[in-house]
Amino acid sequence: MGQRSIAGSKAVINRRQFGLGAAALGFALPAIRPSYAQAATVRVGVINSMSGNLAAYAQEGHPAFLYVINKINASGGIKSMGGAKIELVVADDTSQPARTAAEARRLITEEKVAFLTGTILSAQMLAITPVLDELKMPTLSVWAGGSKSPYMYSLGYPYDRGYAQSMHDFVVWLRDKQGYKLKTVAPAYSNYEAGQQVNNFLVDKLKKSGFEIIGEAPLDTKAQDQTAAMIRIRSLKPDLVTGLVTPRDGILMHQARFNVNYHGSLFVGGTGGYTDLSLWRDLGPEIGKSVLTRNLFGMTGFSAGAKMESMQKIIAELRDTAKLSIIGQGAIQAAQAARVVQRTLEGAGSTDPAAIHKALAAVKFPSGDPDLYVAKPQGLAFAEDRLPADGSAMFIQWLENQGQEVVFPSEFAQVKPRART
């Protein structure tokens with residue numbers, strides 16, 4: 001994955017714990033410069049999963065995050081702090097929640113960062129919470145679907161009004177407005193904190209809307225094969241299979257669906273396991289064409305064809321200027337995180353964590369804002385639970401050329417959903 005920084009605007013990055021993960025991406029990290037040689041800076045800690053089973057999120061997202069931070073620095077830095085540059089101190093937690101907590105403590109106590117951010121999915125969010133509460137460190141997660149700490153805010157989809165409500169609203173729309181015959185449901189979800197939470201909310205909503213739950217197929221996140229789960233789904237023969245699935249579990253699930261040649265159910269899910277651009281690469285064209293383009297819709301916050309001007313502009317910039325080879329949901333979500341970091345620091349006007357915490361809670365990107373990159377019809381702002389107030393998402397269908405088309409909601413849709421086969 002290529003990465004080019006804007007000339008003269010390279011963010012300062014600490015290579016400790018990050019060199020191997022970044023080297024695997026094939027892009028060069030900016031040179032480390034001693035602090036005394038720098039203009040005024042704001043030290044921001046970045047905890048990413050550059051290796052391990054969650055690496056897909058950070059490997060795609062971090063180059064986009066770095067590009068936008070470099071752009072901010074090149075455009076005058078944080079103006080409310082006299083043009084201070086953002087200095088990134090990056091760590092790899094290797095997808096291990098215990099290490100997330102350890103790296104957070106190190107970044108705060110040893111590296112003296114004023115703000116934390118990073119991929120930080122739900123399991124890592126739970127592990128890091130005691131550290132944040134103890135050290136009172138404002139933190140922005142790119143992906144967590146919940147927040148247990150008053151100091152952590154997240155751009156992730158809330159379990160309830162995000163993942164569950166979006167999937168529920170889409171399948172009800174398919175049934176009631178598009179004529180899909182959907183009655184019986186067998187949830188299939190990655191069996192970890194976020195997947196379980198989403199499933200609980202989703203099942204309740206589906207029952208209230210007249211769907212019948214006839215069984216479940218939780219996906220073991222440590223499994224090397226999901227054939228057993230797919231055989232269970234095939235035996236249940238539900239009209240609908242739905243749930244939150246990680247990229248890794250999605251690859252295994254789609255491989256299993258291909259291997260048992262099962263196409264009887266409609267598969268609707270989110271997010272990475274259904275919509276990540278890495279799916280075609282890891283599945284191969286034969287499997288991808290067979291399962292991704294047939295009876296499957298994926299939830300996402302990004303699609304290259306979405307009717308949203310600011311999203312189209314950042315896509316073009318990441319492709320043509322940053323020269324990134326993969327621009328998917330992970331890249332757009334990370335680019336948005338960089339803009340939230342910028343506005344938080346501008347609002348704080350200080351490196352005082354208390355001021356940054358207050359400013360983070362107040363961040364807002366109204367609909368139509370040129371720096372709003374994610375598809376939020378009501379704009380981006382944090383609710384009382386510290387997650388986006390607008391938790392909605394888009395749904396796409398895959399094309400045989402490995403592209404995507406948005407089918408829902410109407411604000412961003414390109415085409416109608418294809419007929420069930």
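The values are calculated or read from the model by the stated rules, or taken from the named source; none is laboratory data. Keep in mind that this is a model prediction, so the values were computed, not measured. Note that each Cβ is placed from the backbone with ideal geometry, even for glycine, and that neighbours are counted across all protein chains shown. To get the accessible areas, we keep the full protein, side chains included, count just its heavy atoms, and leave off ligands, DNA and RNA. Shrake-Rupley method; radii C 1.70, N 1.55, O 1.52, S 1.80 Å.
Just a few scattered comments:
- Remark: pairs (first residue in the range 113-126, farther than 20 Å from residue 192 by Cα; second residue of a type in the set (Ser, Thr, Tyr); Cβ separation under 8 Å; 6+ apart in sequence or on different chains) = 114/351; 115/139; 115/344; 116/139; 117/139; 117/141.
- Complete set of residues in the range 167-184 that are open to solvent by 10 Å² or more (accessible area, probe 1.4 Å) and within 21 Å of residue 391 (Cα to Cα): 168, 169, 172, 173
- Boolean, residue 154 is open to solvent by less than 20 Å² (accessible area, probe 1.4 Å), hydroxyl-bearing (Ser, Thr, Tyr) and farther than 28 Å from residue 348 by Cα: no
- Unique match (being at pLDDT 95 or above, over 19 Å from the mean Cα position of the chain (by Cα) and of a type in the set (D, E, K, R)) among 343, 339: 343
- For the range 344-398, the set of residues classified as assigned to a strand (DSSP E or B) and either under 29 Å from residue 277 (Cβ atoms) or among the small types (Gly, Ala, Ser) (or both) consists of 365, 380, 381, 382, 388, 394, 395, 396, 397, 398, listed by residue number.
- The range 248-272: number of residues that are modelled with pLDDT of 95 or more, small (Gly, Ala, Ser) and closer than 15 Å to residue 167 by Cβ: 3
- Tally of residues being in contact with a strand residue (DSSP E or B) (Cβ under 8 Å, 6 or more places away or on another chain), open to solvent by less than 40 Å² (accessible area, probe 1.4 Å) and either free of Cβ contacts under 8 Å to residues at least 60 places away in the same chain or under 24 Å from residue 330 (Cα atoms) (or both) across the range 348-368: 3
- Restricting attention to the range 286-307, the residues that are in contact (Cβ under 8 Å) with a residue 60 or more places away in the chain, open to solvent by 10 Å² or more (accessible area, probe 1.4 Å) and closer than 15 Å to residue 255 by Cβ total 2.
- Candidate set from the range 224-240 (those that are in contact (Cβ under 8 Å) with a residue 40 or more places away in the chain and of a type in the set (A, V, I, L, M, F, W, C)); member that is most open to solvent (accessible area, probe 1.4 Å): 236
- Against the list (1) closer than 18 Å to residue 124 by Cα; (2) modelled with pLDDT of 90 or more, the condition residue 56 fails is (2).
- Of the criteria (1) at pLDDT 95 or above; (2) open to solvent by 10 Å² or more (accessible area, probe 1.4 Å), which one residue 243 fails: (2)
- Filtered residue count, the range 82-119, keeping only those that are in a helix (DSSP H, G or I) and open to solvent by 40 Å² or more (accessible area, probe 1.4 Å): 6
- Pick from the range 316-333, criterion under 16 Å from the mean Cα position of the chain (by Cα) and among the hydrophobic types (A, V, I, L, M, F, W, C), ranking: surrounded by the fewest Cβ atoms within 10 Å (Cβ to Cβ): 326
- Selection of the range 399-414 for residues being farther than 12 Å from residue 304 by Cα and either part of a strand (DSSP E or B) or open to solvent by less than 50 Å² (accessible area, probe 1.4 Å) (or both) yields 399, 407, 408, 409.
- Residue within the range 251-274 that is surrounded by fewer than 17 Cβ atoms within 10 Å (Cβ to Cβ) and either acidic (Asp, Glu) or in contact with a Gly (Cβ under 9 Å, 6 or more places away or on another chain) (or both) present: no
- Restricting the range 203-223 to residues that are touching a strand residue (DSSP E or B) at 6+ places or on another chain (Cβ under 7 Å) and not acidic (Asp, Glu), the residue that is most open to solvent (accessible area, probe 1.4 Å) is 207.
- Residues of the range 161-195 that turn out to be on the phi < 0 side of the Ramachandran plot and in a loop (DSSP other than H, G, I, E, B), as a count: 11
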